């Protein structure tokens, strides 16, 4: 399966490889690749000769040396807060709109959500980008993570139909919504991400919002927020099942760095074939998962299951 996935992305992977080695703004990968590597990445065997990228390597690089674009092209920085228990990681970005907001916006349009509550940290790019996309189409209510009572009161008055949040923030909000006698059955759409969600919390929110389509976002801010997404058929099934983002080439390896077979659980290694500001090439995520082919009615049969 992995060789077929590689062949599908071979052109983009070669372009990425050429890009990082010839980049005029950063010599990060030129310094990293001290050993002889193939000039052309023609096969998956060639690709496996590329050494893994470790979080510490990025953290030990000066911030101004992490950008593979000019300073004028860096429009923001994203912060990965260490989903896998590691220290925060700051990554330059050359786009205000992340993949996560774009995908969430498409869900809102499909379900005709006209009034939405976004309960995320104040300066989150998610918050800002959703606001820009919603202009003229939806009313976006910005929640206050420091005042859940006020947020719940405004949500009730505004008649929200959707919620975009994180597990911990949503858990706090639910208590305040109940105190306001908010009609939980009026919610049609819930999108949860940034933090990993437990099975217990999944059961809790599916009971609280029993009429809603509940979508989980695989939290991976290293690649700008969306490593995996749930289609309408995966929605409500499990917080651990996702379709991998199409712009990512994912490998699953064992503790010795060897590729595992389809369905076996190991560590996710991620290559972002479209990233420009900072390209992730064979990045060891520290997150355990499996990758397999499973039939899905949406037509995307590639399933990423978090362990």
- Message: Just checking, does the stretch 264-273 include any residue being at pLDDT below 95, more than 20 Å from residue 217 (Cα to Cα) and more than 16 Å from the chain's Cα centre (by Cα)?
- Response: no
- Quick one: is residue 297 outside the structural domain of residue 112 (by TED's automatic domain parsing) and farther than 29 Å from residue 54 by Cβ? yes
- Quick one: is residue 283 surrounded by fewer than 23 Cβ atoms within 10 Å (Cβ to Cβ) and not assigned by TED's automatic domain parsing to the domain that holds residue 56? no
- From 29, 25, residue being surrounded by 12 or more Cβ atoms within 10 Å (Cβ to Cβ) and in a loop (DSSP other than H, G, I, E, B): 25
- Quick one: residue 246 ticks every box in (1) buried (at least 21 other Cβ atoms within 10 Å of the Cβ); (2) under 14 Å from the mean Cα position of the chain (by Cα); (3) in a loop (DSSP other than H, G, I, E, B) bar one, so which box is it? (1)
- Does the stretch 32-47 hold any residues that are in a helix (DSSP H, G or I), surrounded by 15 or more Cβ atoms within 10 Å (Cβ to Cβ) and without any contact (Cβ under 8 Å) to a residue 40 or more places away in the chain, and which are they? 32, 46
- Message: Please go through (1) at pLDDT below 90; (2) out of contact with any helix residue (DSSP H, G or I) (no Cβ under 8 Å at 6 or more places or on another chain) for residue 38 and return the number of the only condition it doesn't satisfy.
- Response: (2)
- Query: So which residues in the stretch 59-78 are within 23 Å of residue 195 (Cβ to Cβ) and either at pLDDT 85 or above or exposed (fewer than 14 other Cβ atoms within 10 Å of the Cβ) (or both)?
  - Reply: 59
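Does residue 299 satisfy being at positive phi and part of a strand (DSSP E or B)? Talk me through it step by step, then tell me what you get.
On the way: at positive phi: yes; part of a strand (DSSP E or B): no.
Answer is no for this residue.
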- Given the conditions (1) on the phi > 0 side of the Ramachandran plot; (2) assigned to a helix (DSSP H, G or I), and given that residue 203 satisfies all but one, which numbered condition is not satisfied? (1)
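The values are calculated or read from the model by the stated rules, or taken from the named source; none is laboratory data. Small disclaimer: the values here were computed from a predicted structure and weren't measured. Cβ atoms come from the backbone with ideal geometry, glycine included; neighbour counts cover every protein chain shown.
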